[in-house]
1. To the nearest 0.05, how large is the calculated FRET efficiency for T44 and L68 if R₀ is 35 Å and r is the Cβ-Cβ distance?
2. With θ set to phi - 60°, apply the Karplus curve 6.51 cos²θ - 1.76 cosθ + 1.60 along segment 50-58 and write out the HN-Hα couplings as whole Hz, x wherever there is a Gly or Pro.
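Read-outs: derived from the displayed coordinates by stated rules, not from any lab. On a predicted model such as this, the values are computed, not experimentally measured, just so you know. Ideal geometry is used to build each Cβ from the backbone, glycine not excepted, and the neighbour counts take in all protein chains shown.
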Amino acid sequence: MSRLLWVGIGAAGGIYTYRRGQRAWDRAKERGWSGTASVLLSATASALQTARLQLIEQDAARNAQQQLTLTPTHTTTTVTEAGTSHDAIPPSRSSRTRPTVTLG
């Protein structure tokens, strides 16, 4: 039963495609080669223009995303505990690395 369904869908698709192709062929013969070529060229130009606009939009979105990306830079800030001098605190406790975040 499942195979019969797919055979029917394939047959219907084939008939639809054949009829559409036949209509397109008839229209192309009516217009002649120059008319058909101009239609194809205008359709191609339209498709290329659409693709170009989509690429520009994607590039703008990518640039906006890159501008919002946080870039950490590594700087060291020395933090000392209150009431003690640097000599009394071992270097491992006197300085901690704190990353600084800049936008850009």
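1. 0.45
2. Residue by residue, segment 50-58 yields 4, 5, 4, 5, 5, 5, 5, 5, 5 Hz.
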